[in-house]
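The values are calculated or read from the model by the stated rules, or taken from the named source; none is laboratory data. Small disclaimer: the values here were computed from a predicted structure and weren't measured. Glycine gets a Cβ as well: all are built from the backbone with ideal geometry, and neighbour counts include every protein chain shown. Keep in mind that these areas ignore ligands, DNA and RNA; they rest on the heavy atoms of the full protein, side chains included. Shrake-Rupley method; radii C 1.70, N 1.55, O 1.52, S 1.80 Å.
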Amino acid sequence: MTDKIQAVIWDFGGVLTSSPFEAFNRYEAENGLPKDFIRGVNAVNGDTNAWAKLEQSKVNAEEFDELFRKEAEALGHSVPGKDILGLLSGNLRPRVVEALKRCKAKVKVGCITNNAPVGKGAGMQSDEGRASEIERVFGLFDEMIESSKLGIRKPDPRIYALMCEALDVDPKHCVYLDDLGINLKPARAMGMTTIKVLNEDQLLSDLETATGWTLTD
(Lines give C-alpha, C1' and ligand atoms only; values in the text may rest on other atoms or scores of the structure.)
Protein backbone atom coordinates (compact mmCIF):
# COMPACT_ATOMS: atom_id res chain seq x y z
CA MET A 1 0.00 0.00 0.00
CA THR A 2 3.09 2.24 -0.16
CA ASP A 3 1.78 4.65 -2.78
CA LYS A 4 -1.63 4.83 -1.14
CA ILE A 5 -0.69 5.79 2.41
CA GLN A 6 -2.25 9.09 3.37
CA ALA A 7 -1.39 9.21 7.06
CA VAL A 8 0.49 7.51 9.87
CA ILE A 9 -1.37 7.81 13.18
CA TRP A 10 0.43 7.25 16.46
CA ASP A 11 -0.35 6.44 20.05
CA PHE A 12 2.07 8.25 22.36
CA GLY A 13 2.88 6.49 25.65
CA GLY A 14 4.56 3.15 24.99
CA VAL A 15 5.12 4.09 21.35
CA LEU A 16 7.05 7.36 21.14
CA THR A 17 8.05 6.96 24.78
CA SER A 18 9.06 4.00 26.88
CA SER A 19 6.09 2.05 28.19
CA PRO A 20 4.58 2.97 31.55
CA PHE A 21 4.05 -0.77 31.98
CA GLU A 22 7.80 -1.07 32.58
CA ALA A 23 7.52 1.49 35.38
CA PHE A 24 4.49 -0.36 36.75
CA ASN A 25 6.49 -3.59 36.92
CA ARG A 26 9.38 -1.89 38.71
CA TYR A 27 6.96 -0.42 41.25
CA GLU A 28 5.37 -3.81 41.80
CA ALA A 29 8.73 -5.47 42.38
CA GLU A 30 9.81 -2.74 44.79
CA ASN A 31 6.56 -2.93 46.77
CA GLY A 32 6.04 -6.68 46.93
CA LEU A 33 3.08 -6.71 44.55
CA PRO A 34 2.32 -9.46 42.03
CA LYS A 35 3.69 -8.73 38.55
CA ASP A 36 1.14 -6.87 36.38
CA PHE A 37 -1.11 -6.20 39.40
CA ILE A 38 -1.58 -2.56 38.37
CA ARG A 39 -2.64 -3.52 34.86
CA GLY A 40 -5.01 -6.02 36.42
CA VAL A 41 -6.68 -3.30 38.48
CA ASN A 42 -7.06 -1.17 35.36
CA ALA A 43 -8.62 -4.08 33.46
CA VAL A 44 -11.55 -4.54 35.87
CA ASN A 45 -14.60 -2.57 34.64
CA GLY A 46 -12.33 -0.99 32.04
CA ASP A 47 -14.93 1.44 30.71
CA THR A 48 -16.02 2.84 34.08
CA ASN A 49 -13.17 2.38 36.56
CA ALA A 50 -10.94 5.06 38.09
CA TRP A 51 -8.52 4.93 35.18
CA ALA A 52 -11.26 5.39 32.58
CA LYS A 53 -12.73 8.30 34.54
CA LEU A 54 -9.36 9.99 34.86
CA GLU A 55 -8.59 9.73 31.14
CA GLN A 56 -11.92 11.40 30.38
CA SER A 57 -11.39 14.12 33.02
CA LYS A 58 -14.37 12.87 35.01
CA VAL A 59 -12.27 12.81 38.19
CA ASN A 60 -9.25 14.81 39.30
CA ALA A 61 -5.97 13.46 40.64
CA GLU A 62 -7.11 13.54 44.26
CA GLU A 63 -10.32 11.65 43.50
CA PHE A 64 -8.38 9.14 41.39
CA ASP A 65 -5.99 8.54 44.28
CA GLU A 66 -8.77 7.25 46.50
CA LEU A 67 -10.80 5.47 43.80
CA PHE A 68 -7.78 3.53 42.58
CA ARG A 69 -6.79 2.59 46.12
CA LYS A 70 -10.25 1.11 46.73
CA GLU A 71 -10.16 -0.84 43.45
CA ALA A 72 -6.72 -2.21 44.32
CA GLU A 73 -7.85 -3.18 47.81
CA ALA A 74 -10.76 -5.11 46.32
CA LEU A 75 -8.13 -7.22 44.54
CA GLY A 76 -6.07 -7.75 47.67
CA HIS A 77 -3.47 -4.95 47.87
CA SER A 78 -3.64 -1.30 48.88
CA VAL A 79 -2.03 0.90 46.23
CA PRO A 80 -2.46 4.71 46.30
CA GLY A 81 -3.54 6.14 42.98
CA LYS A 82 -1.09 9.02 43.41
CA ASP A 83 1.77 6.53 43.22
CA ILE A 84 0.51 5.31 39.85
CA LEU A 85 0.26 8.84 38.46
CA GLY A 86 3.95 9.29 39.21
CA LEU A 87 4.77 6.34 36.93
CA LEU A 88 3.02 7.53 33.77
CA SER A 89 5.66 9.72 32.13
CA GLY A 90 8.04 7.66 29.99
CA ASN A 91 11.27 8.61 28.25
CA LEU A 92 11.29 9.63 24.59
CA ARG A 93 12.61 7.09 22.09
CA PRO A 94 14.86 9.19 19.78
CA ARG A 95 14.89 6.66 16.91
CA VAL A 96 11.10 6.55 16.91
CA VAL A 97 10.91 10.35 16.95
CA GLU A 98 13.21 10.34 13.90
CA ALA A 99 10.89 7.83 12.19
CA LEU A 100 7.97 10.13 12.95
CA LYS A 101 9.82 13.02 11.29
CA ARG A 102 10.51 10.92 8.19
CA CYS A 103 6.85 9.90 7.99
CA LYS A 104 5.83 13.55 8.32
CA ALA A 105 8.04 14.42 5.36
CA LYS A 106 5.94 12.08 3.22
CA VAL A 107 2.35 12.06 4.57
CA LYS A 108 0.16 13.51 7.30
CA VAL A 109 0.81 12.41 10.88
CA GLY A 110 -1.60 12.38 13.81
CA CYS A 111 -1.56 11.34 17.46
CA ILE A 112 -4.38 9.82 19.51
CA THR A 113 -3.44 9.61 23.18
CA ASN A 114 -5.34 8.44 26.21
CA ASN A 115 -3.94 10.78 28.82
CA ALA A 116 -4.94 12.36 32.10
CA PRO A 117 -5.14 15.95 33.35
CA VAL A 118 -2.08 15.53 35.58
CA GLY A 119 1.49 16.77 35.41
CA LYS A 120 2.77 19.23 32.82
CA GLY A 121 1.32 19.06 29.32
CA ALA A 122 -0.17 16.23 27.34
CA GLY A 123 2.78 14.00 28.19
CA MET A 124 1.91 14.16 31.93
CA GLN A 125 5.49 15.04 32.87
CA SER A 126 6.59 16.05 36.35
CA ASP A 127 9.81 17.66 35.09
CA GLU A 128 9.64 21.01 33.26
CA GLY A 129 12.56 20.22 30.94
CA ARG A 130 11.16 16.86 29.87
CA ALA A 131 7.74 18.42 29.43
CA SER A 132 9.21 20.97 26.99
CA GLU A 133 11.04 18.23 25.11
CA ILE A 134 7.85 16.23 24.69
CA GLU A 135 5.89 19.33 23.68
CA ARG A 136 8.30 19.77 20.78
CA VAL A 137 7.48 16.25 19.63
CA PHE A 138 3.77 16.92 19.95
CA GLY A 139 4.35 19.93 17.72
CA LEU A 140 5.33 17.62 14.86
CA PHE A 141 1.81 16.22 14.52
CA ASP A 142 -0.65 17.68 12.03
CA GLU A 143 -3.47 16.76 14.40
CA MET A 144 -3.54 15.60 18.00
CA ILE A 145 -6.45 14.19 20.01
CA GLU A 146 -6.22 13.88 23.80
CA SER A 147 -8.81 11.82 25.67
CA SER A 148 -8.63 14.14 28.68
CA LYS A 149 -9.71 17.11 26.52
CA LEU A 150 -12.20 15.31 24.30
CA GLY A 151 -13.93 13.35 27.05
CA ILE A 152 -13.83 10.06 25.13
CA ARG A 153 -10.99 7.56 25.04
CA LYS A 154 -9.66 4.69 23.00
CA PRO A 155 -10.98 2.16 22.11
CA ASP A 156 -14.15 4.21 21.42
CA PRO A 157 -14.44 4.06 17.60
CA ARG A 158 -15.44 7.73 17.48
CA ILE A 159 -11.96 8.89 18.42
CA TYR A 160 -10.41 7.21 15.35
CA ALA A 161 -13.11 8.56 13.07
CA LEU A 162 -12.52 12.06 14.43
CA MET A 163 -8.82 11.80 13.65
CA CYS A 164 -9.46 10.68 10.08
CA GLU A 165 -11.91 13.55 9.68
CA ALA A 166 -9.43 16.05 11.11
CA LEU A 167 -6.66 14.82 8.81
CA ASP A 168 -9.09 14.48 5.86
CA VAL A 169 -7.89 10.95 5.10
CA ASP A 170 -9.45 7.58 4.33
CA PRO A 171 -8.85 5.09 7.17
CA LYS A 172 -8.16 2.42 4.56
CA HIS A 173 -5.06 4.40 3.64
CA CYS A 174 -3.75 4.91 7.17
CA VAL A 175 -1.26 3.10 9.38
CA TYR A 176 -1.99 3.12 13.12
CA LEU A 177 0.44 2.20 15.92
CA ASP A 178 -0.48 1.40 19.53
CA ASP A 179 0.98 -0.73 22.30
CA LEU A 180 -2.45 -2.05 23.37
CA GLY A 181 -4.22 -4.62 21.25
CA ILE A 182 -7.64 -3.49 22.45
CA ASN A 183 -6.93 -0.04 20.99
CA LEU A 184 -5.95 -1.49 17.62
CA LYS A 185 -9.19 -3.39 17.03
CA PRO A 186 -11.44 -0.40 16.14
CA ALA A 187 -8.74 1.02 13.85
CA ARG A 188 -8.38 -2.31 12.10
CA ALA A 189 -12.17 -2.61 11.76
CA MET A 190 -12.17 0.76 9.96
CA GLY A 191 -9.63 -0.59 7.48
CA MET A 192 -6.41 0.81 8.90
CA THR A 193 -3.16 -1.13 8.76
CA THR A 194 -2.34 -1.65 12.44
CA ILE A 195 0.93 -2.27 14.25
CA LYS A 196 1.02 -3.52 17.84
CA VAL A 197 4.11 -2.04 19.43
CA LEU A 198 6.05 -4.51 21.56
CA ASN A 199 9.41 -2.75 21.58
CA GLU A 200 11.36 -0.10 19.71
CA ASP A 201 13.16 -2.34 17.21
CA GLN A 202 9.99 -4.23 16.30
CA LEU A 203 8.06 -0.96 15.88
CA LEU A 204 10.60 0.42 13.43
CA SER A 205 10.86 -2.83 11.47
CA ASP A 206 7.09 -3.27 11.17
CA LEU A 207 6.54 0.36 10.22
CA GLU A 208 9.18 0.15 7.49
CA THR A 209 7.50 -3.01 6.18
CA ALA A 210 4.04 -1.43 6.25
CA THR A 211 5.12 1.76 4.49
CA GLY A 212 8.02 0.64 2.33
CA TRP A 213 9.98 3.65 3.57
CA THR A 214 13.44 3.79 5.10
CA LEU A 215 12.88 5.17 8.59
CA THR A 216 16.21 4.41 10.25
CA ASP A 217 19.85 4.94 9.28
Q | Given 35/154; 4/104; 172/196, the pairs whose alpha carbons are separated by over 20 Å | A | 35/154
Q.
Give me the extension gain from residue 104 to residue 208: residue separation times 0.36 nm, minus the current Cα-Cα distance, reported in nm with one decimal.
A. 36.1 nm
Q: With the full set of protein chains in place, find how many percent of the accessible area of the chain is carbon and sulfur; take the probe as 1.4 Å.
A: 48
Q. Dividing the Cα radius of gyration by the Kirkwood radius, what Rg/Rh value follows for the range 17-106?
A. 1.08
Q | Which label in (i) 14.5; (ii) 11.3; (iii) 12.0 gives the computed mean projected area of the Cα convex hull in nm² | A | (ii)
Q) At a Förster radius of 25 Å, what calculated FRET efficiency corresponds to the Cβ-Cβ distance of residue 142 and residue 47, to the nearest 0.05? A) 0.30
Q) For the range 46-190, what is the accessible area per residue in Å², given a 1.4 Å probe and the full set of protein chains? A) 46
